[in-house]
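S.K.: Please see the structure below; I have some questions.
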């Protein structure tokens, strides 16, 4: 390419006005993940010259060690959308609403689906470039895969919201230090439903919903849209993805908020106030609880509880990756009010959220 990659992607996305989703934020997160992958690969494998090519575009089946297509699984009927619990972790304890899950090692990443919680633990006794990924549905806790360590506390794990789909870069199949494929897992069925091979050195997932996985080969302008029901992949674009997301709830960008008086105001990369619009409503300023003051760190969207209520995590700027102390606020977009759900303590928390 003769122009910077992110500029090319942004120019492609800007071809359609008002996409209704912060495509720039998606591209920035993807570019950051690419840089971290390149740094990790350069540090751990300076002699690595390429990635083993993968022939098939999409491989289905519940046995991840086979590359042959398997018969399509029976269609999964989505249950009615219900509220999700507030999820976070501290040390080896994962909080899922009113219950807790005790992990076998320190938790480094946590996310939530409609069926339970997924989390990554540190395998301190194993020298590997990957960590173990778990799923807990409230009755059992099971290891479902391994995720490459791209940077301290940052992992390529994505969940649909709402829905039951988890996608991660497969840490059990790698060429050198680079993953060869993504695993697509259905937490409602406790099964792998697809394997998506890399089509370049650095693929990136840009969005996951209950029925589709959107990813880009080498962060190029093309977006591949994998359909879980049919097992087929078609080509689309960042602009088309923006249009598809415009009517979906829970799509406010994971940008920063700052406190201005009694309100939390979304701001852009330069710190300027912006109005964020989505299918769940518009946000120009969320009312904070009486007497609450933001800690000195950053405030960002951690998760959604339902189509109208989101969770903000306000960290105190201290601690170290991946855990920092902070407050969890639950905010309702219908009345723009927030309440304090988990108060600030000296305990470092792992807040849910997508890789950045």
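The values are calculated or read from the model by the stated rules, or taken from the named source; none is laboratory data. Everything numeric here is computed off the predicted structure, so don't read it as measured data. When we count neighbours, we look across all protein chains shown, and the Cβ atoms used for this are built from the backbone with ideal geometry, even at glycine.
S.K.: In this structure, is residue 172 surrounded by 23 or more Cβ atoms within 10 Å (Cβ to Cβ) and in contact with a strand residue (DSSP E or B) (Cβ under 8 Å, 6 or more places away or on another chain)? Break it down into steps so the answer makes sense when it comes.
M.R.: Working: surrounded by 23 or more Cβ atoms within 10 Å (Cβ to Cβ): no; in contact with a strand residue (DSSP E or B) (Cβ under 8 Å, 6 or more places away or on another chain): yes.
Judged against the criteria, residue 172 is not a match.
S.K.: Give the residues of the stretch 304-339 that are more than 21 Å from residue 114 (Cβ to Cβ) and assigned to a loop (DSSP other than H, G, I, E, B), sorted by residue number.
M.R.: Within the stretch 304-339, 316, 317, 318, 319, 320, 321, 322, 323, 325, 334, 335, 336 meet the criteria.
S.K.: A further question follows. Can you pull out every residue in the stretch 277-317 that is modelled with pLDDT under 90 and crowded, with 19+ Cβ neighbours inside 10 Å?
M.R.: Step one: filter the stretch 277-317 for residues modelled with pLDDT under 90, giving 277-282, 317.
Selection gives 278, 280.
S.K.: Condition check: over 24 Å from residue 210 (Cβ atoms) and under 22 Å from the mean Cα position of the chain (by Cα). Does residue 276 satisfy that?
M.R.: Numbers: over 24 Å from residue 210 (Cβ atoms): no; under 22 Å from the mean Cα position of the chain (by Cα): yes.
Judged against the criteria, residue 276 is not a match.
S.K.: Does residue 219 satisfy being at positive phi and either in the same structural domain as residue 110 (by TED's automatic domain parsing) or touching a strand residue (DSSP E or B) at 6+ places or on another chain (Cβ under 9 Å) (or both)? Walk me through how you get there before you give the answer.
M.R.: Working: at positive phi: yes; either in the same structural domain as residue 110 (by TED's automatic domain parsing) or touching a strand residue (DSSP E or B) at 6+ places or on another chain (Cβ under 9 Å) (or both): yes.
For residue 219, the condition - at positive phi and either in the same structural domain as residue 110 (by TED's automatic domain parsing) or touching a strand residue (DSSP E or B) at 6+ places or on another chain (Cβ under 9 Å) (or both) - is met.
S.K.: Just checking, which of 301, 265, 258 is assigned to a strand (DSSP E or B) and either free of Cβ contacts under 8 Å to residues at least 40 places away in the same chain or over 17 Å from residue 315 (Cβ atoms) (or both)? Working first, answer last.
M.R.: On the way: 301 fails: either free of Cβ contacts under 8 Å to residues at least 40 places away in the same chain or over 17 Å from residue 315 (Cβ atoms) (or both); 258 fails: either free of Cβ contacts under 8 Å to residues at least 40 places away in the same chain or over 17 Å from residue 315 (Cβ atoms) (or both).
Sole residue among the options that is assigned to a strand (DSSP E or B) and either free of Cβ contacts under 8 Å to residues at least 40 places away in the same chain or over 17 Å from residue 315 (Cβ atoms) (or both): 265.
S.K.: Starting from residues that are surrounded by fewer than 18 Cβ atoms within 10 Å (Cβ to Cβ) and touching a strand residue (DSSP E or B) at 6+ places or on another chain (Cβ under 6 Å), keep the ones in the stretch 121-137 and report whichever is modelled with the lowest pLDDT.
M.R.: Of all residues in the stretch 121-137, those surrounded by fewer than 18 Cβ atoms within 10 Å (Cβ to Cβ) come to 123-128, 137.
The next check asks that each one be touching a strand residue (DSSP E or B) at 6+ places or on another chain (Cβ under 6 Å); those that pass are 123, 137.
Details: 123: 77, 137: 97.
If we take residues in the stretch 121-137 being surrounded by fewer than 18 Cβ atoms within 10 Å (Cβ to Cβ) and touching a strand residue (DSSP E or B) at 6+ places or on another chain (Cβ under 6 Å), then 123 is modelled with the lowest pLDDT.
S.K.: Just the residues that are outside any strand (DSSP E or B), in contact with a strand residue (DSSP E or B) (Cβ under 7 Å, 6 or more places away or on another chain) and either outside the structural domain of residue 156 (by TED's automatic domain parsing) or closer than 15 Å to residue 227 by Cβ (or both), please, taken from the stretch 196-215.
M.R.: At the first step, the residues of the stretch 196-215 found to be outside any strand (DSSP E or B) are 198-203, 209-211.
If we keep only those that are in contact with a strand residue (DSSP E or B) (Cβ under 7 Å, 6 or more places away or on another chain) too, we end up with 198, 201, 203, 210-211.
The answer is 210, 211.
S.K.: Condition first: touching a strand residue (DSSP E or B) at 6+ places or on another chain (Cβ under 7 Å) and surrounded by fewer than 16 Cβ atoms within 10 Å (Cβ to Cβ). Can you find one or more residues in the stretch 318-331 that meet it? Steps first, please.
M.R.: First, pick out the residues of the stretch 318-331 that are touching a strand residue (DSSP E or B) at 6+ places or on another chain (Cβ under 7 Å): 318, 322-331.
Checking which are surrounded by fewer than 16 Cβ atoms within 10 Å (Cβ to Cβ) leaves us with 318.
Yes: one or more hits.
S.K.: Kindly check whether there is at least one residue in the stretch 305-321 that is without any contact (Cβ under 8 Å) to a residue 40 or more places away in the chain, under 20 Å from the mean Cα position of the chain (by Cα) and closer than 29 Å to residue 191 by Cα.
M.R.: no
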